[in-house]
Amino acid sequence: MHRVFIDGQAGTTGLEIAGRLEGRRDLRLLVIDDVLRKDTQRRAALLNEADVVILCLPDAAAREAVALIENPRTRVLDASTAHRVAPGWTYGLPELAAGQRAAIAASARVSNPGCYATGFILSVRPLIEAGLLAPSKRVTAFAVSGYSGGGRTMIERYRAAQAQGVDHVLPPMTYGLDFAHKHVPEMTRQAKCDCAPLFSPIVAHYYKGMLVHVPFDAVDLGGAAAEDVHETLRVRYADEPCIRVLPFGAKEALDGGYLDPTRANDTNRIDLMVFGDAERTLVATRYDNLGKGAAGAAVQNLNLMLGVPELTGLCV
């Protein structure tokens with residue numbers, strides 16, 4: 001039986017991961033008493049006792065936790081931003097490339113992808129690898145997420161507003177306006193872009209669910225039309241169990257012409273859609289920011305690291 005310790009078990013992502021692991025007979029969750037969650041000595045003991053540690057911590061605390069590990073057999077899956085572009089860490093996106101699953105399975109240090117980064121990378125990297133998009137092209141992306149992506153403080157803020165009634169519901173709000181969003185470095189590297197994307201994220205007043213949009217002009221794609229992009233992505237992800245490439249135009253995903261960001265919630269599925277014509281292309285990905293964008297992705301990586309079926313405990 002594999003011993004797993006979630007360091008940061010009381011946070012949003014930690015709770016989501018624990019919920020997906022409950023009832024599994026192949027695992028034993030090591031749990032720290034609430035009063036000892038910040039006790040360095042007790043944390044160190046559990047970090048070194050575990051076969052796999054899942055870090056659900058702020059970046060500085062995640063680095064500190066790794067430094068406390070002395071047991072060479074303890075493997076780490078970090079859900080923070082701390083190690084996503086760090087040397088010696090494997091990027092935990094199984095669908096990234098051929099051989100990525102094997103790399104995750106063999107690695108002692110795996111970094112879970114960021115939520116926004118997941119959709120962006122899966123939209124852009126295949127186009128660069130297929131020669132449709134030049135790596136030197138600066139890509140634009142905009143996205144919307146439910147407020148759960150902001151963690152406990154943001155959740156409390158939105159729920160407090162909601163409790164006051166509909167007139168106090170907060171409007172959608174853009175952020176990351178300094179172009180220094182924490183996901184940009186991994187978006188750039190893992191999508192194989194030569195320069196950072198122009199990324200504009202939005203938080204809206206609903207709990208979870210995410211849309212990531214990446215638009216292109218035909219000139220950006222060497223003259224390729226939207227249907228060419230769709231075919232490239234359809235072929236690339238044809239055998240991926242967690243990526244569903246919808247038919248071109250994704251009519252089945254629209255509700256009166258509108259695209260709902262919540263329709264993949266409570267799954268580990270990504271709905272990948274392509275809209276457009278001969279001159280304009282929009283690649284859109286929809287997924288649960290707490291599922292494939294966070295906790296579901298972590299469980300998928302954990303399964304690969306433990307050598308059990310990849311989708312154990314997950315719904316697609």
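The values are calculated or read from the model by the stated rules, or taken from the named source; none is laboratory data. Remember, predicted model here, so these are calculated numbers, not experimental data. Neighbour counts run over all protein chains shown; Cβ positions are idealised from the backbone, glycine included.
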Within the range 47-60, how many residues turn out to be of a type in the set (A, V, I, L, M), within 22 Å of GLY296 (Cα to Cα) and out of contact with any Lys or Arg (no Cβ under 8 Å at 6 or more places or on another chain)? 4
Per the filter on the range 161-191, residues polar (S, T, N, Q) and either in contact with a His (Cβ under 8 Å, 6 or more places away or on another chain) or outside any helix (DSSP H, G or I) (or both) are GLN162, GLN164, THR174
When you scan the range 250-279, how many residues do you find that are farther than 21 Å from TYR147 by Cβ and loosely packed, with under 15 Cβ neighbours inside 10 Å? 9
Of all residues in the range 133-179, which are crowded, with 16+ Cβ neighbours inside 10 Å and either hydroxyl-bearing (Ser, Thr, Tyr) or free of Cβ contacts under 8 Å to residues at least 24 places away in the same chain (or both)? SER145, TYR147, SER148, TYR158
Tell me yes or no: at least one residue of the range 196-205 is farther than 20 Å from ALA250 by Cβ, out of contact with any Cys (no Cβ under 9 Å at 6 or more places or on another chain), surrounded by fewer than 21 Cβ atoms within 10 Å (Cβ to Cβ) and at pLDDT below 95. yes
Which numbered condition in (1) aromatic (Phe, Trp, Tyr); (2) surrounded by 14 or more Cβ atoms within 10 Å (Cβ to Cβ); (3) farther than 16 Å from HIS213 by Cβ is the only one that TYR116 fails? (3)
Among the candidates ALA117, ALA103, ALA86, single out the residue that is in contact (Cβ under 8 Å) with a residue 12 or more places away in the chain, touching a helix residue (DSSP H, G or I) at 6+ places or on another chain (Cβ under 6 Å) and farther than 17 Å from GLY8 by Cβ. ALA117
